[in-house]
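The values are calculated or read from the model by the stated rules, or taken from the named source; none is laboratory data. Because the structure is predicted, anything quoted here is derived from the model rather than measured. Here Cβ is always computed from backbone atoms with ideal geometry, including for glycine, and neighbour counts include all displayed protein chains. Ligands, DNA and RNA are excluded from the accessible area calculation, which covers all protein heavy atoms including side chains. Shrake-Rupley method; radii C 1.70, N 1.55, O 1.52, S 1.80 Å.
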Amino acid sequence: MNKSTKPAPTTEDVDRDFRAQVAQMTAGLAPTAFTTAWADWVSHLALSPSKRRELQRNAALRASDTWMFALRALAGAPVSPAADLNGGADRRFAGDAWSQFPFNVLARAYQNNVALMNEAVHGVSGVNEYHSQLLAFAVRMLADSASPSNYLASNPELLALTQEEKGQNLVRGFQNVIEDLGRTLKGNAPAGTEEFEVGRNVAVTPGKVVLRNELIELIQYAPTTPSVHAEPLLIVPAWIMKYYILDLSARNSLVKFLVDQGHTVFMMSWKNPDERDRDLGMDDYVRKGLFAALDAVCAIVPRRKVHAVGYCIGGTLLAIGAAALAREKDERLASITMFAAQVDFSEPGELAFFINPSQLAMLEATMHKKGVLESKQMGGAFAMLRARDLLWQPIVNQYLKGQRDRMIDLMAWNADGTRMPWRMHSEYLYRLYLDNELAMNRFPVEGKTVRLSDITVPMFVVGTESDHVAPWKSVYKVDNLVRSDDLTFLLTSGGHNAGIVAGPVHPKRHYRMRTRRLADPHLAPQDWMDAAPKSEGSWWPAWQQWLAAHSGAKGKPPAIGAKGHLALGDAPGQYVRQR
């Protein structure tokens, strides 16, 4: 008998492999989720004769509107496709060229068809609300892909450009296609990212790596002021991307801003995991990540509490770790700051389109097969949420207009993604997004449940108005879950990344900020917005002033490293360079 014979695969193994193969053919989307939503909609529409009659009337009205508009356009006078159309103008068809026949008719017909599809998937009695939202998302993806502005033959602006340049735009576009295909096949980053090199013109704030383990490096930044605030800052970035979104070029570097304001700053830099790290779980990220970094900071700056800062899922991890520390009566945290981070996932925003049992089963199967979730898969999901701006507009600009968008530091960082281990990401999605265990007081850390209500330290929470990843109303829910007697919530303009990376001076930004005490009545999100005063400019100085007010007297900067945490090398370290 051959003792090396592998055991026969289990039913679960076979099913998981099959789901992983299906995922390769569906771009990772679970067809069962959409077919279930469609079946729910069809069956309830069949039981709604009044809704069917309404849709029939609307279809007739919109068809009539398209024909009447076409007759006006045929008369010869330029007429905008948005003229007298309910819902307002579509910026894709705002140019004068779109007022000419037949392009204005194409745009008008497109807008009427999209409006009719949206009317069809909403307002059907009995349909599950999530299914209705999922169908609306499918309609939006279909509508974004079918827009006349995406194609040369139906876009008058592209045709005019092609005529003006005698087709050279298409030649450049074809060259861009060939270049991008080559980069993709070689696994290289997008064109233009080579202008931004970690350690050369991004992630350049001086510092030393003072801790390295199998999961993180910890960077201590060099002081730039003769005296510093007593309490150090420990920043916990999201592990889905590289930490240096908070240390971009000098004008956009939050780290540099804080150091220049007299703060001692420590930054965690996550390892980019590979297949060997597949079994790292949430407990590992808490213990070997957050707690290991906190231990090191407290050793380097002894007898001082720590201002802890978490960004995105790094903020979620910080909240989990802070609750675990409070459970054990560990009082090393002076305050908690959270940037665009959720702890209650009951309303996760548009990411909910990818968070359902069918979708997670398919994603888990893909991750289990590879051991990790590739950054391209996560990036693709985010691109689908804003397909018009992140997918179709770049395609038109680069391949039809032949124009490369100018690469900026934030875009280069966005292309520098990381992988995520199978176990950790599965636990994160199932326990937090799907089952909402943290908000429901069911989330365990090392076998013992944690409660957010144990958190009592001062908190500063930042949400962004246009966030598709962590909607501000979801971020705001932390106010109802912790027992901090000093909680400041700040809402800034911008999105999940651009709203946070605002720079110390930003004339196009604004923010609202309000502090509540534990005895104050809770305000609903809209009531909070009505009560919070609006300020112009970047929110960074307001947060820094809050930090300074919650810090002790200034003194001599601490030395870089300490016994047991001597410098291992210069910032930005090794892990941030891993591909």
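Can you give me the Cα centroid spacing of region 88-166 and region 445-501 in angstrom? Going from one Cα centre to the other spans 36 Å. Partners of LYS376 within straight-line reach, counting aspartates and glutamates whose Cα lies under 15 Å from its Cα and excluding those fewer than 8 residues away in the same chain: ASP180, ASP274, ASP416. Annotation for region 157-259: GluC sites (Glu not before Pro) lying in DSSP loop with at most 14 further Cβ atoms inside 10 Å of their Cβ are GLU165, GLU197, GLU214. Positive-end ranking of ALA146, HIS506, PRO206 along the dipole of the chain, with charges on Cβ about the Cα centre, is headed by PRO206.
With the charge dipole of region 420-579 set up from +1 on Lys and Arg Cβ and -1 on Asp and Glu Cβ about the Cα centre, the Cα lying farthest toward the positive end among the listed residues GLN545, VAL457, TYR575 is that of TYR575. The angle between the Cα long axis of helix 129-146 and the longest principal axis of the Cα atoms of the chain comes to about 60 degrees, rounded to the nearest 10.
Short to long, the 5 Å bins of the Cα pair-distance histogram for region 1-141 hold 2, 9, 13, 13, 12, 10, 11, 9, 6, 4, 3, 3, 2, 2, 1, 1, 0, 0 percent of all pairs.
The convex hull defined by the C-alpha atoms of region 110-240 has an orientation-averaged projected area of 17.1 nm². The angle between the Cα long axis of helix 11-25 and the longest principal axis of the Cα atoms of the chain comes to about 60 degrees, rounded to the nearest 10. All alpha carbon pair distances within region 266-411 were sorted into 10 Å bins beginning at 0; the resulting P(r) in whole percents reads 9, 28, 31, 23, 8, 2, 0. Counting only Cα atoms, region 333-394 measures 42, 34, 21 Å along its principal axes, largest extent leading. State which entries of LYS473/LYS534; LYS288/LYS448; LYS369/LYS448; LYS305/LYS563 exceed 22 angstrom in Cα-Cα distance in the structure shown. Pairs exceeding the cut-off: LYS369/LYS448. Taking all C-alpha pairs of region 473-531, those more than 17 Å from each other amount to 44 percent. The value obtained for region 176-319, namely the Cα convex hull volume divided by the number of residues, is 127 Å³ per residue. Using only side-chain charges placed at the Cβ, +1 for Lys and Arg and -1 for Asp and Glu, the dipole size of region 87-175 relative to its Cα centre rounds to 120 debye. Considering region 157-228 at the alpha-carbon level, its Rg and Dmax are found to be 22.1, 64 Å. Average projection, convex hull of the Cα set of the chain: 32.8 square nanometres. For the chain, the longest principal axis of the alpha carbon atoms and the long axis of helix 540-549 meet at an angle near 30°. Counting only residues at least eight positions apart within a chain, or on another chain, the lysines with an alpha carbon under 24 Å from that of LYS401 are LYS166.
Judged by the mean number of other Cβ atoms found within 10 Å, the most tightly packed of the peptides 539-552, 460-473 leads the ranking 460-473, 539-552. Counted over region 280-323 with a bin width of 10 Å, the fraction of Cα pairs per bin, in whole percents, is 27, 55, 17, 1. Listed by chain and number, the aspartates and glutamates whose C-alpha is less than 17 Å from the C-alpha of LYS329, apart from same-chain residues fewer than 8 away, are ASP295, GLU446, ASP454. Each other residue within a Cβ distance under 10 Å of ALA334 adds +1 if Lys or Arg and -1 if Asp or Glu, for a net charge of +1.
On a per residue basis, the convex hull of the C-alpha atoms belonging to region 8-51 measures out at 73 Å³. How large is log10 I(q)/I(0) at q = 0.19, 0.32 Å⁻¹ when the Debye formula is applied to the Cα atoms of region 223-271, each weighted equally and without solvent? Values, matching the q order: -0.62, -1.19.
Based on the convex hull around the alpha carbon atoms, region 260-307 presents an average projected area of 4.5 nm². Between region 380-430 and region 329-358, the C-alpha centres lie 22 angstrom from each other.
Positive contributions from Lys and Arg (+1) and negative ones from Asp and Glu (-1), summed over other residues with Cβ under 14 Å from the Cβ of PRO525, come out at -2.
Where the only charges are on Cβ atoms (+1 Lys, Arg; -1 Asp, Glu), what is the dipole of region 298-401 about its Cα centre, to the nearest 20 debye? Here the size comes out at about 400 debye.
The solvent-accessible area of ARG386, taken with every protein chain present and a 1.4 Å probe, is close to 100 Å². Counting only the Cα atoms, region 402-514 fills a convex hull of 165 Å³ per residue. Each peptide in 376-384, 44-52 gets a packing score, the mean of other Cβ atoms within 10 Å over its residues, and the list from highest to lowest is 376-384, 44-52. Are there trypsin sites (Lys or Arg not before Pro) in region 161-234 that DSSP marks as loop and that have at most 11 other Cβ atoms within 10 Å, and which are they? Here the sparse-neighbourhood loop sites are LYS166, ARG200. Under a no-solvent Debye model with one identical scatterer per Cα of region 372-455, what's log10 I(q)/I(0) at q = 0.26 Å⁻¹? Ignoring solvent entirely, the Cα scatterers give -1.23.
Averaging 1/r over every pair of different alpha carbons in region 499-548 and inverting the result gives a Kirkwood radius of 12.2 Å. Starting from a Cα-only point model with no solvent, please compute log10 I(q)/I(0) by Debye for region 117-172 at q = 0.12, 0.18, 0.20, 0.22 1/Å. Relative scattering, expressed as log10 I(q)/I(0), comes to -0.48, -0.66, -0.73, -0.80.
With N the number of residues in region 428-579, Rg(Cα) / (2.2 N^0.38 Å) evaluates to 1.26. A helix-only calculation puts the chain at -11500 deg cm²/dmol for mean residue ellipticity at 222 nm, using -39500 (n - 2.57) for each DSSP H run of at least four residues, averaged over all residues.
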